[in-house]
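Accompanying notes for the structure given below.
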Amino acid sequence: MEPDAETVSAPRQLGKYRIKRGIYTEEQFQKNYERNTPSPRNRDFRIQGRVQCRFSWARFRKIILKMFPILNWLCAYRVREWFLNDIHAGLSVGMVQIPQGLSGVLLTRLPLPVVNGFYSAFCCSLTYVIFGTSHHISIGSFSILNAMVADVLKTLNFSPILTANGTFANFSDANYMKSYMEALTLTASTTFLTGIIQLLLGCFCLGFVTTYLPKTLIDSYLTAAALHVIVSQFSFIFGIVINFHMGPLAIFYNLFQYCVALPKANATSILLFLVGLVMLRISNCIKITYKHSPVAFPMELLLIITITIIANHVHLHAESSMLAAKMVPHRFLPPTLPDLSNLSRIVAHAFSLAIVSYFLLIFVGKRYACIHNYNISSNQELMAIGLCNIFSSFFKSFAISCAISGTVIQEKTGGKTQFAALIGASIMLVVVMKVGHFFLALPNAVLAAIVMVNMFPFLEKFMDVPTLWRQDKYHFVIWIVTFAAVLCLGLDIGLAIAMGFTFFIITVRSHRMKIVMLGQIPNTDLYRSLSDYKAAAEIEGVKIFQCCSSISFANMRHFKGYLLEKMDVKAVPLDENEMRALISVSLSSTGMEKKDFQCACVCDPPEPLPRIPYTEKLVKRLHRDNESSSSSLNLIRWSKFESKHSSGTLPTGMLQTQHAQSTAIRLRAARPESGKKKDEGERTWHSSDPGVDTSTTLLCQEATQLRSTEFSTYPVHTIILDFSMVQFVDLQASDLLRQMFHMFQNLGISVLIASCHLSVIAIFEKNDFFDGCVTKARFFLTLHDAVLAALEQNQRPEIVELSAGDPEQELDEGLTEEQKITGSELLNEEPISDLFRAYSLQSEAEMNIFQQYDAPPPEPGDRDEEWEQKWKYARDP
């Protein structure tokens, strides 16, 4: 390959190349260049004498780092760069988790022991620091999950401990205390079963499901979940307690209840919420830089400490967690194993909690992993959250997941690793144990302002919807369906609907086939779509189709219909006689003896059914402006090309003979031309060079068109399928493709495949795709090789201009004198319809059918000796 001199002197022009090589089929290329045979997958391993165990430190190290991801960042921890950021983030997250743990009882209406909740949060945070792979996730309670657990208790006929008017039941009553302890036991059992389900899913490596969920679904799901969280904070904003519902349309029912109870709202709580909201929004405008790195202003930490100090000295007349904490009958219950007797009653609810808890964690983790350019392991996250829930069940606590507000705070305050989460959990536990009673006076409205502000980054995804509409309609529909399903039906049912709809869209999109017709860019070996490029020209006698997706049972009918439509034919099922003839041909080809009567033992295995190459035949379409009936005999190929092979099968598997070509030309000459029309819309490129030069990649054809009223387009002798974009072909599609090979071959049209990947060829081999007609000689290395091979096997004979007054002029110089005389007699004496039937036998299968049933007209009673002689010549010239 040498660039031209002009290319070297003119740097603005692209280089040119000139390649000279032969035409390669896949079979020839693999033989010449020694294709490596794939090693057998099913090997026979035999234990000889003893079992040998090998130990590898590298493999052991890899397993340990995979099981304990903490070692990945702990060994590479940058103390000078990350330590202060992690301390800053840990302080902010730890102080926010304190009021969150104290106020959870107002939403669930089930007062858990206060200390148990904080111990559970600390143990879960420590577990995730060791086994989790995300650097920014903050583990803790999630309000919607807590409400789902409370809804589980409600469905199992457990009465709420906290009434709707904000007062507690009488815990001095034995019946109430019994119900309270049963509720705690069932809560612990639900959390424990949730963790077990997540561990089992992780052991079976089912976390891979998240790989098939697009970012659009994740953003939409988190946006809807953020709205659910905001609605749950209305109890703190307005200082009212309602019967919080979960399930389908629960968000609208809760909004209605808030509107009804709005006259009872606490004005002080609303005012504190607005003050906190404004201060948090102002903090976004404060820019702090430390060592050339931006640091977020710790407004959450400052707001909590300031309002807590004020509330302990001034009575603010706002709702807080003090009354709820004082009414809890037990401040601390020692950790115990959960009761396993009720697992059958809660297995469905636990599975729903396990799915929601995990997907919420993985969605938030993927969001921040994408922002900070690192990867998380979906299976390891499943194992980590499962262990967290198991430890949480020992303290009779709720199911654990990602604390969204805490995660947002940890990320925006500069947290780099899970060391920040560890610091936050430690600070939370120490502060609660020493000075936790001071935070009981903190108004819940301040916490609601912190939570709502940290939900705004997820709500900003609404701005992506117009962009999705412009860029990708499929992802736009996924976003809308996911958001509507999660918002209206809940986090569990909505997630199932969103995942099902997404998998449906992925399936439809991946199997939706796009087929384009290609033409050649003149003087190049480049082929582009005829509809996209004006310079692309269709090659005379060759139709090129490019399949832009894999072929499967879902789209194979579309693939077949498109090809038949472009070839102006349709498929008609074979009748009973034709099917019987094909079966007899298949039996004779396999060497099976034909017997009218056979007797066999039933103990013998049944003989396999004969393989039928095709079950349909192709006939010309009946157009509205053409009143003639459709018939497969109308598909005689008016070929202007002559094979240079005198007889036998061509190297490319094209089954055509010189006699069929000469007959077609002779019939073409016998038909007078009534007019000379030229299809101006057809773009066919011709070259002045009559030869075929593979070195210069020129497809040279003469600039002569047939001017016929009935056949204004060029006859097609070859169909080329470009499989460069096909990744797989399943079993049903392979059978259909093989049948189409045979059906087109019966019409004298060869089907070639170009640029087929070796994996697809291997699939064809496994599916028994190849037979006597469909061979690997039809598979070419490149599209240009296939085109050159098709034209080389159908080179044009010398063109002789015809006139209407001389229909008997000789056109084929390759015929013998005897063939010319006999053909002339047939043209003079026989009607053209009989010649159609005689010379349209393009394949061996159709020849056998006509020979067996002696089908051509006239009727058997009208046949004479002269007609039988002519029919014998037509079958065997």
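The values are calculated or read from the model by the stated rules, or taken from the named source; none is laboratory data. It should be emphasised that the depicted structure is a prediction, and the values quoted were computed from it without experimental measurement. Cβ atoms come from the backbone with ideal geometry, glycine included; neighbour counts cover every protein chain shown. Accessible surface areas use protein heavy atoms only, side chains included; no ligands, DNA or RNA. Shrake-Rupley method; radii C 1.70, N 1.55, O 1.52, S 1.80 Å.
Couple of notes before you dig in:
- Selection count where residues are touching a helix residue (DSSP H, G or I) at 6+ places or on another chain (Cβ under 6 Å) and closer than 27 Å to T194 by Cα, scope segment 424-442: 4
- Residue check, K412 of a type outside the set (F, W, Y), in contact (Cβ under 8 Å) with a residue 40 or more places away in the chain, in contact with a Pro (Cβ under 9 Å, 6 or more places away or on another chain) and over 17 Å from I144 (Cα atoms): yes
- Just one of the listed residues (K326, K396, K366) is surrounded by fewer than 22 Cβ atoms within 10 Å (Cβ to Cβ), among the basic types (K, R) and either over 22 Å from T223 (Cα atoms) or without any contact (Cβ under 8 Å) to a residue 40 or more places away in the chain (or both), and it is K326.
- The single condition among (1) closer than 17 Å to A150 by Cβ; (2) open to solvent by 10 Å² or more (accessible area, probe 1.4 Å) that Y212 does not meet is (1).
- From the options L333, L340, residue that is aliphatic (A, V, I, L, M), part of a loop (DSSP other than H, G, I, E, B) and open to solvent by 80 Å² or more (accessible area, probe 1.4 Å): L340
- Matching entry among V435, V486, V453 (being open to solvent by 50 Å² or more (accessible area, probe 1.4 Å) and out of contact with any Asp or Glu (no Cβ under 8 Å at 6 or more places or on another chain)): V435
- Residue check for I346: in a helix (DSSP H, G or I) and either open to solvent by 20 Å² or more (accessible area, probe 1.4 Å) or over 21 Å from L495 (Cα atoms) (or both): no
- Some residue of segment 509-520 being modelled with pLDDT under 90, in a helix (DSSP H, G or I) and out of contact with any Ser or Thr (no Cβ under 8 Å at 6 or more places or on another chain): yes
- Subset of segment 522-555 (residues that are within 14 Å of I720 (Cα to Cα) and aromatic (F, W, Y)): Y527, F545
- Residue tally, condition open to solvent by less than 30 Å² (accessible area, probe 1.4 Å) and either touching an Asp or Glu at 6+ places or on another chain (Cβ under 6 Å) or assigned to a loop (DSSP other than H, G, I, E, B) (or both), over segment 239-264: 6
- Test: residue in segment 77-97 that is under 30 Å from C203 (Cα atoms) and either modelled with pLDDT under 85 or open to solvent by less than 100 Å² (accessible area, probe 1.4 Å) (or both): yes
- Of all residues in segment 275-285, those satisfying the criterion of being under 12 Å from V453 (Cβ atoms) and open to solvent by 50 Å² or more (accessible area, probe 1.4 Å) are V278, M279, R281, I282, N284.
- Conditions (1) open to solvent by 10 Å² or more (accessible area, probe 1.4 Å); (2) in contact with a helix residue (DSSP H, G or I) (Cβ under 6 Å, 6 or more places away or on another chain); (3) at pLDDT 90 or above; (4) not β-branched (V, I, T); number of the one not met by F236: (3)
- One residue stands out among those in segment 56-76 that are surrounded by 10 or more Cβ atoms within 10 Å (Cβ to Cβ) and not in a helix (DSSP H, G or I): the one that is farthest from the chain's Cα centre (by Cα), which is F68.
- Test: residue in segment 206-215 that is aliphatic (A, V, I, L, M), modelled with pLDDT of 80 or more, over 30 Å from P335 (Cα atoms) and in a helix (DSSP H, G or I): yes
- In the set (1) under 26 Å from V453 (Cα atoms); (2) not in a helix (DSSP H, G or I), the condition left unmet by L303 is number (2).
Let's see how each residue does on (1) farther than 21 Å from I240 by Cβ; (2) modelled with pLDDT of 85 or more:
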site: H292; (1), (2): yes, no
site: L302; (1), (2): yes, yes
site: I310; (1), (2): yes, yes
site: A318; (1), (2): no, no
site: S321; (1), (2): no, no
site: T336; (1), (2): yes, yes
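- Residue within segment 509-516 that is in contact with a strand residue (DSSP E or B) (Cβ under 8 Å, 6 or more places away or on another chain), in contact (Cβ under 8 Å) with a residue 40 or more places away in the chain and surrounded by 16 or more Cβ atoms within 10 Å (Cβ to Cβ) present: yes
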